[in-house]
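None of the figures in this text is laboratory data; all of them are computed from the coordinates on show. Bear in mind that the values here come from a model prediction, so they are computed numbers and not experimental data. Cβ: placed from backbone, ideal geometry, glycine included. Neighbour counts: every protein chain shown.
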Amino acid sequence: MLWLLVLITLNYGAYAQSDKDQFCPLGDGWKFCVKEKTNVQTCSIPGNIGRATISYGYNNGKHDTAFSFYDISHTDSQGAFEFGCSDGRLGDPAKGWKGCCYREGPIDYNYSLNAADWEIIAGYDGAWKTDGMKLVKYVKSGSSQSFYRWMNGLISCNEDYFPYWDQSKSDKEGNRCYQLENYPNYKSSGFIPCGQNGGECDVPDINADSMSLVAFGSGGAPWTMTWAYSSTGAIQCSKTMFLGSGGEYCDIQNRTVFPNSEVIGKWEQQWNCDGCTGGKYAITEGTTAQSPQAGKPSWVTALGDVVSAGITFLGGKLASDISGAISDLAEPSYTHTETMTCEAQCGNGTAADWHIYQWVMSTDEYVDMDPSSFNINACQYICNSEAIPPKCPPGYCADFACQTCTSYN
């Protein structure tokens, strides 16, 4: 059985309540596993999950919330994967009690994990000076475990800069440090200085379609990062804010809430009955967005622009005028989460097999460090007596069953 384990440390806020809320990151799919104790606690991931993300840390509703994330995968789906939930096994991303959670699927690092893209820069105890801010990984000898860290300046390939692993002296000699070759310089990737240690970093108030990624560090110190929204104002550029991480200054990078990703539209069956005459039915509508800006007027406008740029439907991309018209129809559902219903009338009084298909679109937004998919459940629907989804986008059906379309590109 082959497992791959990689780690990166990130910061962001959350609200603590239950074990899951207190010890798991925000977002869907996280399952609480075990709390850290004075002795090592074992967390077990079911063997039928071939790729998973492990988190280790805690939430307390403030900026000093932190997690270490591990990406695991294996080639054999038989048998559970067990790992120790403790600082000694997983590093120490934050002070105080922590816990382990997991969810199915990989981490989106936005950089390559292909071994061929990494350049070896030093052996164990070796020294190296990076050319600007670079992503460096420290690889444990004889295993697939790696620790990732933003570095700038002179570093040493040992426990002074990277986590301690329980290894013999001879095993440590095989540890290596690598730098991601051809990765854009940290400074040229849109980051600009925004504050010194002990001061403040101002978060620009641009619009709801913007957010900022703030990084704190310097030299060989790890760069700890946190998201800040326009409504945040200013955040402290200090070790206290960033979990005691060493650093001298903060940098900031403005990003869009909606990544450059496609919008996929489709018809989903929400209801059917066999041999009934029809009636009125309630279908849930609204978005499943988790962003704090979701539903606000400028966020709604920005989402409309993203949808209008082009919807992918049945494998093809609709023209912007068609996508814009569909966005106008669906826009009332952009303003709220899926806590509302709209009335769907289906059936003509004749006994038949009736089906209700609802128009649903999906795209991505930044909630934490990585893009998160969400749905837009619109109050557009088709009622027909066909067990076949409609073949046309909303507003372009030429027949009752929406199997024939009006002309569109």
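So for the pair residue 166, residue 305, with labels modelled 7 Å out along Cα→Cβ, what separation do we get in nm?
5.3
So which of 20/296; 137/239; 35/296 end up more than 30 Å apart, counting from Cα to Cα?
35/296, as the Cα separations exceed 30 Å there.
Which whole-number percent of Cα pairs in the range 336-409 have a distance greater than 21 Å?
42
Could you give me the percent of Cα pairs per 10 Å distance bin for the range 263-409, shortest bin first, beginning at zero and ending with the bin that holds the maximum distance?
Spelled out bin by bin, the range 263-409 gives 12, 40, 32, 14, 2, 0 percent.
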